[in-house]
Amino acid sequence: LAARRPDRVAKPPISSSCLSVFVFPVLSMLPTLREAIMLHLNSESLTGLLKNRPTNKLEIWEDLRIISFSRSIVAVYSTCMLVVLLRVQLNIIGGYIYLDNATVGKNGT
């Protein structure tokens, strides 16, 4: 396909330094994200109730299952949104830098 269309050039793969710009900030924010998820979706009280052998075990297990599933979904979704937010911010900064360099090149200063 690239041989037929000379105007389209294959993009080089993303370099490791460019990839680290996205990976390291997200990894540094994960502990904070995990704490927030654990705070809002706390299952410690339910596990404590289950240790006391209550009569309504099925209801508690159902609540524990919902919290565990919600915690997993929220972790995946919020990590994806964190990556999207970071990419948007970096693209905006990159756009400003490009415009600044373009105006400096036109003015000759």
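The values are calculated or read from the model by the stated rules, or taken from the named source; none is laboratory data. The shown structure was predicted, so the numbers you read here are calculated from the model rather than taken from an experiment. All Cβ positions, even for glycine, are placed from backbone atoms using ideal geometry, and neighbour counts span all protein chains on display. Heavy atoms of the whole protein, side chains included, go into the accessibility calculation; ligands, DNA and RNA do not. Shrake-Rupley method; radii C 1.70, N 1.55, O 1.52, S 1.80 Å.
Odds and ends about this structure:
- For the range 31-105, the relative contact order works out to 33 percent when only alpha carbon pairs closer than 8 Å and six or more residues apart are counted.
- Hydrodynamic estimate: the Kirkwood radius of the range 59-101 over Cα pairs, inserted into Stokes-Einstein at 20 °C and 1.002 mPa s, corresponds to D of 167 µm²/s.
- Given a 1.4 Å probe and the protein chains as shown, residue 63 ends up with an accessible area of around 80 Å².
- Computed Kirkwood radius, in angstrom, where 1/r is averaged over Cα pairs of the range 31-105: 15.7
- Accessible area of residue 81 in the full protein assembly, 1.4 Å probe (Å², nearest 10): 90
- Using only side-chain charges placed at the Cβ, +1 for Lys and Arg and -1 for Asp and Glu, the dipole size of the range 23-93 relative to its Cα centre rounds to 140 debye.
- A Förster distance of 41 Å, applied to the separation of the beta-carbon atoms of residue 102 and residue 42, puts the FRET efficiency at 0.20.
- Residue 62 sits with roughly 80 Å² accessible to a 1.4 Å probe, with DNA, RNA and ligands left out of the calculation.
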